[in-house]
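Asks: Take this structure first; my questions come after.
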Amino acid sequence: YWYNTKSPYSLENTKAISDNIFQIIYNFFNIKKKLIICDLDNTLWGGIIGDDGIKNILLGGHSAKGEAFGDFQRQLLELKKNGVVLALCSKNDEKIAVNAINRHPEMILKIKDFVSIKINWLDKALNINDILNELNINQEDTVYFDDSQSERERVKSVFPNILIPNLPSNNILYPKILKELDCFNFVKTDEDKNRTKMYNQNKLREKNKNYFIEKNSYKNWLENLDLNI
């Protein structure tokens, strides 16, 4: 190739370079996902936390599935560091689930890594609607991970534009599936990388604002109360 065309690369390498350039241009001009919503049981760890307890769920350690769940969480954390925000949506006892997140020694993701947490027994589509409204993010900008096919279909019926990967029964494949999703923009500004912090700050401001309104409403009610009654 060098003697005939003065090309420094083979045709195979030239094609690989052109594919990479195309991918960069494609990523720049196409809408990328901003939010990942995750289930907990058999999605971020193996097993049912309410039944199995912290000591018996599969996460990290020396089991194949445990290691895969750990790698899946590491990939999610890396995406978060690059500006993708994370949220939880799980049918579980909130106290038990949060305790597992905080106390399991192999847990990679912490409570602080999630901008919205919906752990209850309500319809997941309803919880996801609350998450999207709370964060002011469109369904087109969202990815949803859940091991349950019925839950995936339920969410898809309400939010047809959310990207919902069909997770296989073999949990070991989760990191591979996430890695191969071509929907995240890795060309990030400082603002993008601090998006989780920004959302948490906005939530705190909103909480303080609501507290101020409630406090002053109660104060006004007391001032207007007819104490002679």
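The values are calculated or read from the model by the stated rules, or taken from the named source; none is laboratory data. Everything quoted here is computed from the prediction, not taken from an experiment. Methodologically, a virtual Cβ is constructed for each residue, glycine included, from the backbone with ideal geometry; neighbour enumeration extends over all protein chains shown. Surface areas here come from the heavy atoms of the whole protein model, side chains and all, with no ligands, DNA or RNA. Shrake-Rupley method; radii C 1.70, N 1.55, O 1.52, S 1.80 Å.
Asks: Over segment 78-133, how many percent of alpha carbon pairs lie in each 10 Å bin up to the one with the longest distance?
Replies: 22, 50, 27, 1
Asks: Still on this structure, I have one more. How large is ³J(HN,Hα) for each residue in segment 85-91, as worked out from phi by the Karplus curve 6.51 cos²θ - 1.76 cosθ + 1.60 (θ = phi - 60°), to whole Hz, x for Gly and Pro?
Replies: Result, rounded to whole Hz: 8, 10, 9, 10, 9, 9, 8.
Asks: Based on the Cβ-Cβ distance of Arg154 and Ile21, what FRET efficiency does E = 1/(1 + (r/R0)^6) give at R0 = 41 Å, to the nearest 0.05?
Replies: 0.50
Asks: Something else: What do you reckon, how do Thr142, Thr5 stack up by accessible area (1.4 Å probe), largest on top?
Replies: Thr5, Thr142
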